[in-house]
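Below: one structure, written as structure tokens.
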């Protein structure tokens, strides 16, 4: 295994640990590794006990040993996400995120991919959303709200006679 593959695998392990923390006396998520089977999506993350039934989001993990650039509000983890990956994540059926993992500090940061995300390469992941208990509980509520607001039942079935 070359160093890049090892760093990627280690980043996935650190992400599992960070997002799987027990916060406020409970676990918030369960994960399923998608790996090579799902292009661009490394993990499907499932909310534990959502009121809306079932809720999930997808994460691409980017790991680095290169550290940071900038300072204060402009501080970024030195990871890159290709334009193609950004475009693919924007087509995912559900919320999608990039998780940037600093392998030296074993810390991570999340970046949501939304309609407003520019259709271009992401050079450096902002450090505004560290993966900690505050983010974990906010993320759980945000994803549950996303799925609660969607009526996923069909209005009618093609099996009904007209």
request  = Return the residue satisfying two criteria in turn: it lies in the stretch 94-109 and is touching a residue at least 40 places away in the same chain (Cβ under 8 Å), over 21 Å from residue 26 (Cα atoms) and within 14 Å of the chain's Cα centre (by Cα), and of such residues it is surrounded by the most Cβ atoms within 10 Å (Cβ to Cβ).
outcome  = 101
inquiry  = Looking only at the stretch 6-47, how many residues end up being touching a helix residue (DSSP H, G or I) at 6+ places or on another chain (Cβ under 9 Å), exposed (fewer than 15 other Cβ atoms within 10 Å of the Cβ) and on the phi > 0 side of the Ramachandran plot?
reply    = 2
inquiry  = With the structure loaded, tell me whether residue 138 is under 14 Å from the mean Cα position of the chain (by Cα), surrounded by fewer than 19 Cβ atoms within 10 Å (Cβ to Cβ), more than 15 Å from residue 20 (Cβ to Cβ) and at pLDDT 95 or above or whether it fails that test.
reply    = yes
request  = Search the stretch 112-135 for residues being part of a helix (DSSP H, G or I) and in contact with a strand residue (DSSP E or B) (Cβ under 7 Å, 6 or more places away or on another chain), and hand back the single one that is surrounded by the most Cβ atoms within 10 Å (Cβ to Cβ).
outcome  = 135
note = If we keep only residues of the stretch 93-111 that are in a strand (DSSP E or B) and either modelled with pLDDT under 95 or touching a helix residue (DSSP H, G or I) at 6+ places or on another chain (Cβ under 6 Å) (or both), then the residue farthest from residue 77 (Cα to Cα) is 96
task = Select from the stretch 48-64 the residues that are surrounded by 13 or more Cβ atoms within 10 Å (Cβ to Cβ) and either over 20 Å from residue 12 (Cβ atoms) or modelled with pLDDT under 95 (or both) and write down the one among them that is nearest to the chain's Cα centre (by Cα).
result = 55
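The values are calculated or read from the model by the stated rules, or taken from the named source; none is laboratory data. Just so you know, these numbers come straight off a predicted model, no measurement behind them. Note that we place each Cβ from the backbone using ideal geometry, even for glycine, and neighbour counts take in every protein chain shown.
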